[in-house]
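The values are calculated or read from the model by the stated rules, or taken from the named source; none is laboratory data. Owing to the predicted nature of the structure, the values given are computational and were not obtained by experimental measurement. We place every Cβ from the backbone using ideal geometry, glycine too, and count neighbours over all the protein chains shown.
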Amino acid sequence: MFRSSDEQLKVLCARAVQIETVDELRKKLDASRAANRPLRVKLGMDPTAPDIHLGHTVVLRKMREFQDLGHKAVLIIGDYTALIGDPSGKTKTRPMLSAEEIKRNAETYFQQAGKVLDTAPGKLEIRYNSEWLAPMRLADVIKLCSKMSVARMMERDTFEKRYKAGEPISIHEFLYPLMQGYDSVCIQSDVELGGTDQTFNNLVGRQLQADAGQQSQIVMIMPILPGLDGVHKMSKSLGNYIGVSEPPNEVFGKAMSISDELMWQWYAMLLGKTEVEITALKVGHPMEAKKALAAALVERLHDADAARAALEHFDKQFSKKKLDEVAEPLAVPAGKIGLIELVEKSGVFKSRSDIRRVIQEGGVQLDGQKITDPKAVIEPRVGQILRAGKRVVRKIELQS
RNA sequence: GGAGGGAUACCAAAGUGGCCAAAUGGGCCUGACUGUAAAUCAGGUGGCUAUGCCUUCGAAGGUUCAAAUCCUUCUCCCUCCA
């Protein structure tokens, strides 16, 4: 049923930045084959952020590789850990989520994760960590805390940095790694996946499992995907992300806006291209390589047809400037109308002052003619193309 | 419990009575250049029925012709000592 450990290792170790430890993983794989038992591969999910983006797919794809090799994905919904919030993020305290919100977020999450994971019942197990964390008594918590020293906890880079910078660290944040580690004990995970920011948390799981007399999980750390800006990690709060549920044209357009340097990183991290393959790509025109990347991403999140359509759309809008073929309709009443009112109907600007500014800055065109007078009054005709800023392209239609 | 420091726009951070819709940096937006790149350069970045008006500097009151700035009370945060 299972392929040889060597074959599996070759697939599984690809792209990982750290594995604790490869030897142990090999042993687990050997034992799994011998007993014909799939490994339990754990991945935690934070129910406060239901939007999955490409950054998450780096880890999710690794999970998929485990599934494809016959192993079992165990998704942990951190409904209880969400009460704390992962200290690796911002220091702001999180609002408590209601049971319904968590459920809704979790559903959204699965819907999106399903674009990457195999959701067949035998391949995927879903658990809420409130199942075992909520019933704990204070005595249980104290016992759990006794497993960890402050010095050890302070090794965690975010704690160390914050402490040195004089930023507050609440005691309850120390519980986060312990709770996450305890999850591993409760579900008896064989492997835990995570991004580099999860290294510490995942390693705690190893220790707690050993304390509990279990075989320690393998910790497999995947790289963090840089966001559209090429500087910070891809994250929702920074707004530098491509969501897995975004429409094809958005995915394509955003992918095209990244720097060339970042493009190669994405090729490696998202498409699994090797250095040799990337070197070969660098021979061609960077824009063609970027279009191929963008198309591949659209195909992955949607399908091949969508990828072709997005490429065509992009060419029309930006390369060939066939704006009338890509413009979305904009219904306006017949007769004269102020330019500001006209642009306002597109519904994408936050205020009329904002529109006024864009007009003055030369960002508004009607049929290719720049109009820079915010007081301009025009009489739009059917079929005229209105452009406002880089992204708004509308074709005028008259309201009946 | 004691002492001290702090809260300013999306973020960081100046500003200690009028010249403050508030310096500067980052972010973001627009334009130029391009490959819708990136980098660079230029401009912009509270709202509005707009050369003016309205709302904003933790909250509420007060002093003043005039308050982000002074006073009072309150809320929240941080550090150190115990």
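Scanning segment A:31-60 for residues that are more than 18 Å from A:VAL74 (Cβ to Cβ) and among the charged types (D, E, K, R) gives A:ARG33, A:ASP51. Can you tell me which residue among A:ILE396, A:ILE340 is in contact (Cβ under 8 Å) with a residue 24 or more places away in the chain, out of contact with any strand residue (DSSP E or B) (no Cβ under 9 Å at 6 or more places or on another chain) and surrounded by 12 or more Cβ atoms within 10 Å (Cβ to Cβ)? Exactly one residue qualifies, and that residue is A:ILE340.
In this structure, A:ASP211 qualifies as out of contact with any Pro (no Cβ under 7 Å at 6 or more places or on another chain), of a type in the set (Asp, Glu) and at pLDDT 90 or above. The condition of being in a helix (DSSP H, G or I) and touching a residue at least 12 places away in the same chain (Cβ under 8 Å) holds for only one of A:ILE126, A:ILE169, A:ILE142, A:ILE102, that being A:ILE102.
Among the numbered conditions (1) farther than 30 Å from A:LEU281 by Cα; (2) in a loop (DSSP other than H, G, I, E, B); (3) within 16 Å of RNA strand B (Cβ to nearest atom), the only one that A:GLY213 does not meet is (3). For segment A:389-396, indicate whether the set of residues that are out of contact with any Asp or Glu (no Cβ under 9 Å at 6 or more places or on another chain) and more than 9 Å from RNA strand B (Cβ to nearest atom) is non-empty. Checked segment A:389-396: at least one residue is out of contact with any Asp or Glu (no Cβ under 9 Å at 6 or more places or on another chain) and more than 9 Å from RNA strand B (Cβ to nearest atom). Screening the candidates A:MET63, A:MET45 for the property of being crowded, with 18+ Cβ neighbours inside 10 Å, modelled with pLDDT under 90 and closer than 30 Å to A:LEU262 by Cβ yields one hit, A:MET45. Evaluating A:GLU379 against the criteria (1) under 27 Å from A:LYS322 (Cβ atoms); (2) out of contact with any Asp or Glu (no Cβ under 9 Å at 6 or more places or on another chain); (3) free of Cβ contacts under 8 Å to residues at least 40 places away in the same chain; (4) exposed (fewer than 12 other Cβ atoms within 10 Å of the Cβ) leaves one unmet condition, (3).
How about segment A:136-156: which of its residues are exposed (fewer than 13 other Cβ atoms within 10 Å of the Cβ) and within 12 Å of A:ASP211 (Cα to Cα)? Passing the criteria: A:LYS143, A:SER146.
Comparison of A:GLY335, A:GLY347, A:GLY383, A:GLY368 shows that the only residue that is at pLDDT below 90, under 36 Å from the mean Cα position of the chain (by Cα) and on the phi > 0 side of the Ramachandran plot is A:GLY347.
Can you tell me which residue in segment A:343-375 is surrounded by the most Cβ atoms within 10 Å (Cβ to Cβ), limited to those that are within 6 Å of RNA strand B (Cβ to nearest atom) and in a helix (DSSP H, G or I)? It would help to see each step written out before you state the result.
Of all residues in segment A:343-375, those within 6 Å of RNA strand B (Cβ to nearest atom) come to A:350-354, A:356-358, A:361-363.
Now narrow it down to the ones that are in a helix (DSSP H, G or I): A:352-354, A:356-358.
Numbers: A:ARG352: 14, A:SER353: 11, A:ASP354: 14, A:ARG356: 16, A:ARG357: 13, A:VAL358: 18.
In this case the residue turns out to be A:VAL358.
The residues on offer are A:ALA307, A:ALA296, and the sole one that is crowded, with 19+ Cβ neighbours inside 10 Å and either touching a helix residue (DSSP H, G or I) at 6+ places or on another chain (Cβ under 6 Å) or within 24 Å of A:ILE258 (Cα to Cα) (or both) is A:ALA307. Could you tell me whether segment A:174-197 includes any residue that is in a loop (DSSP other than H, G, I, E, B) and free of Cβ contacts under 8 Å to residues at least 60 places away in the same chain? No, because not a single residue in segment A:174-197 is in a loop (DSSP other than H, G, I, E, B) and free of Cβ contacts under 8 Å to residues at least 60 places away in the same chain. In this structure, A:MET220 does satisfy being within 30 Å of A:ALA14 (Cα to Cα) and at pLDDT 90 or above.
A:GLU328 meets all of the listed conditions (1) touching a residue at least 40 places away in the same chain (Cβ under 8 Å); (2) within 12 Å of RNA strand B (Cβ to nearest atom) but one, namely (2).
When A:ILE258 is tested against the conditions (1) part of a helix (DSSP H, G or I); (2) touching a residue at least 12 places away in the same chain (Cβ under 8 Å), the lone failure is (1).
To keep it simple, each residue is scored yes or no on (1) under 25 Å from the mean Cα position of the chain (by Cα); (2) under 23 Å from A:ASP79 (Cβ atoms).
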residue: A:ILE126; (1), (2): yes, yes
residue: A:ASN129; (1), (2): yes, yes
residue: A:ALA134; (1), (2): no, yes
residue: A:ASP140; (1), (2): no, yes
residue: A:LEU144; (1), (2): no, yes
residue: A:SER149; (1), (2): no, no
residue: A:ARG152; (1), (2): no, no
residue: A:TYR163; (1), (2): no, no
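Taken over segment A:250-268, residues that are crowded, with 17+ Cβ neighbours inside 10 Å and more than 18 Å from A:PRO286 (Cβ to Cβ) amount to 1.
Among the residues making up segment A:186-225, those that are of a type outside the set (A, V, I, L, M, F, W, C), under 19 Å from A:MET45 (Cβ atoms) and crowded, with 19+ Cβ neighbours inside 10 Å are A:SER189, A:ASP190, A:GLU192, A:GLY194, A:GLY195, A:GLN198, A:ASN201, A:ASN202, A:GLY205, A:GLN217. Within segment A:226-243, one or more residues are hydrophobic (A, V, I, L, M, F, W, C), within 16 Å of RNA strand B (Cβ to nearest atom), part of a loop (DSSP other than H, G, I, E, B) and surrounded by fewer than 16 Cβ atoms within 10 Å (Cβ to Cβ).
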